[in-house]
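Asks: Quick one: this structure, given as structure tokens, is what I'll be asking you about.
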Amino acid sequence: MGLSPEWEKLFGPGPSSGPGSDSGAQMTLASASAPGDGGGGGGDGLDVHQGPWTTAAGVSGELTGATNAAVTRLETSHEGVVATLEGFMLPAILGEVRTSWKERLEDVRAECTRMEASLRTAGKEFGEVDHRVKAGFDGVHPGKEQ
């Protein structure tokens, strides 16, 4: 069974149905060696940096602040509106919509706060693990006497 014409444009013809065929699209991991070379892939070292985690935590913190501002603005925007619409159905509907949006924004704020803490913890732990593993291997050099 071949690939669809759209996929063939991207990857070339699909694998043939004959035994032992090795043509067509293949999937490999970005860090893996080429098929059949027996290598382990990857570079000389694996570095895990705290930076991306800290950056993501900062973005979550900014979103928390922006969400706080949105909740405040939502509340202040609705002050006095209900009194001017007395006698209409609109105040009840407006109140439902406001409450619904306030709850959504509070949920987003809570999730951003949780994510900020989790991302900071993950970055700290990754950084510490990287240093512990490196320290554990610092004294081990293949082919050298200890």
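The values are calculated or read from the model by the stated rules, or taken from the named source; none is laboratory data. Predicted model only: the values in this text are computed from it and were never measured. Please note: Cβ atoms are built from the backbone with ideal geometry, for glycine as well, and neighbour counts cover all protein chains shown.
Asks: Going by the conditions given, is residue 95 assigned to a helix (DSSP H, G or I), modelled with pLDDT under 85 and under 30 Å from residue 55 (Cβ atoms)?
Replies: Judged against the criteria, residue 95 is not a match.
Asks: Return a yes/no flag: does the stretch 114-134 have any residue that is surrounded by 15 or more Cβ atoms within 10 Å (Cβ to Cβ), under 30 Å from residue 73 (Cβ atoms) and either modelled with pLDDT under 90 or of a type outside the set (D, E, K, R) (or both).
Replies: Looking for residues that are surrounded by 15 or more Cβ atoms within 10 Å (Cβ to Cβ), under 30 Å from residue 73 (Cβ atoms) and either modelled with pLDDT under 90 or of a type outside the set (D, E, K, R) (or both), one finds at least one in the stretch 114-134, hence yes.
Results for (1) over 24 Å from the mean Cα position of the chain (by Cα); (2) at pLDDT below 90; (3) not in a loop (DSSP other than H, G, I, E, B), shown as yes or no for each residue.
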{"position": "33", "(1), (2), (3)": "yes, yes, no"}
{"position": "42", "(1), (2), (3)": "no, yes, no"}
{"position": "52", "(1), (2), (3)": "no, yes, yes"}
{"position": "55", "(1), (2), (3)": "no, no, yes"}
{"position": "58", "(1), (2), (3)": "no, no, yes"}
{"position": "64", "(1), (2), (3)": "no, no, yes"}
{"position": "71", "(1), (2), (3)": "yes, no, yes"}
